[in-house]
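Okay, structure first, notes after.
The values are calculated or read from the model by the stated rules, or taken from the named source; none is laboratory data. A quick note: this is a predicted structure, and the numbers were derived from the prediction, not measured. Cβ: placed from backbone, ideal geometry, glycine included. Neighbour counts: every protein chain shown.
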């Protein structure tokens, strides 16, 4: 179809393909200009043009690169514009807009299809099924996470048991354990001997104290004349002295 007929149809629909293309080209130009302005600003900071005094050379170099890219981009965008006008915004041969009655009938048919109660019921059923499936999926995911946690815990315990068994099976550890048992036995024997020795020493000291007490008692009381001739009161007095020790 000729361009004039296509334009007439687009005008009827309140559409303007050329305006869309022009706005797109302007947007590309704005993006390109902003990009090179930012590039020049950052390059000036990195090269410290205020100190080195190479601002003009830097601007000249950036403009050269911009013009080179702009020229190539303009050629490609011109080809894109022609392609859009010839293929994207061209109405097929024999195309005609439907009459208002046909548009109303088509719109009514679509509206009826959208408001069909059977379709709504089926959609509600599908939504409910999806909700149930989602809940089941969450439950299964929770169970899987719990199983993974239990598996990790079991693996950790198994690793600890294996380490303990390996240590137990190690010959050096067994020898060390036997040596510890032997040392403990020897220590118990020595402790028993020490306790026996201390008990004997304490008994000896106690007997010596009793002997000294008897000697002192009869020295202080010469009239008592020994235990064989002592009276009952004297014996009670002597026992009282012994209890004080």
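Between residues in segment 119-139 that are surrounded by 10 or more Cβ atoms within 10 Å (Cβ to Cβ) and residues that are assigned to a helix (DSSP H, G or I), which pairs lie under 8 Å by C-beta distance while being six or more apart or on different chains?
Pairs that qualify, where the first residue is surrounded by 10 or more Cβ atoms within 10 Å (Cβ to Cβ) and the partner is assigned to a helix (DSSP H, G or I), are 119/113.
State all residues of segment 9-23 that are surrounded by 13 or more Cβ atoms within 10 Å (Cβ to Cβ) and farther than 12 Å from residue 81 by Cα; if no residue qualifies, say none.
9, 10, 16
Could you say which residue among 74, 30, 34 is surrounded by 12 or more Cβ atoms within 10 Å (Cβ to Cβ) and either closer than 30 Å to residue 90 by Cα or at pLDDT 90 or above (or both)? Write out each step before concluding.
On the way: 30 fails: surrounded by 12 or more Cβ atoms within 10 Å (Cβ to Cβ); 34 fails: surrounded by 12 or more Cβ atoms within 10 Å (Cβ to Cβ).
When all the criteria are applied, what remains is 74.
Of everything in segment 46-59 that's assigned to a helix (DSSP H, G or I) and surrounded by 10 or more Cβ atoms within 10 Å (Cβ to Cβ), which residue is farthest from the chain's Cα centre (by Cα)? Walk me through how you get there before you give the answer.
If we filter segment 46-59 for residues that are assigned to a helix (DSSP H, G or I), which is where we start, we get 46-47, 49-52, 55-59.
If we keep only those that are surrounded by 10 or more Cβ atoms within 10 Å (Cβ to Cβ) as well, we get 47, 49-50, 52, 55, 57-59.
Details: 47: 43, 49: 47, 50: 48, 52: 50, 55: 50, 57: 52, 58: 48, 59: 49 Å.
Applying the filter and picking the extreme gives 57.
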